[in-house]
Amino acid sequence: MSSDWFTRKKPAQLERRIEFSDYQQTRDFLERVAELAESEDYYPDMSFGRTYVSITLRSENDVDEVSEEMLRYAHQVDQLIPAAKQTID
């Protein structure tokens, strides 16, 4: 998991904002995260603008510690970023 994730407790959650150079990269990333969410059956909270995506991973049972599953999912999200940033208009 990248050090760009911010950890909160009570309840546990991970947060990250990812910047992109244009809308096409943002859209490509959102599509990749949607595929990940469907394959993992876990749907993070997301907000986005033209050149950024903010993601929050929340614990499903309001625990105070970040779970291994959340860390694994965050790592999977991190792996999607480089491919999205290589998107050519």
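Where a number appears in this text, it was derived from the coordinates with a stated rule and is not lab data. A quick note: this is a predicted structure, and the numbers were derived from the prediction, not measured. When we count neighbours, we look across all protein chains shown, and the Cβ atoms used for this are built from the backbone with ideal geometry, even at glycine.
Here is the list for the chain: trypsin sites (Lys or Arg not before Pro) lying in DSSP coil, each with at most 14 other C-beta atoms within 10 angstrom of its C-beta, are LYS9, ARG50.
Principal-axis analysis of the Cα atoms of the chain puts helix 23-40 at an angle of about 40° to the longest axis.
Helix 68-85 and the longest principal axis of the C-alpha atoms of the chain enclose an angle of approximately 10°.
Considering only alpha-carbon pairs that sit under 8 angstrom and 6 or more positions apart, the relative contact order computed for the chain is 41 percent.
For the chain, what is the calculated [θ] at 222 nm in deg cm²/dmol (nearest 500), taking -39500 (n - 2.57) for each run of four or more DSSP H residues and dividing by its residue count? One gets -13500 deg cm²/dmol as the mean residue ellipticity at 222 nm.
With a ≥ b ≥ c the root eigenvalues of the C-alpha gyration tensor of the chain, is it rounded (a/c under 1.5), prolate (a/b larger than b/c) or oblate?
On the way: a/c = 2.19, a/b = 1.87, b/c = 1.17.
Note, shape of the chain comes out prolate.
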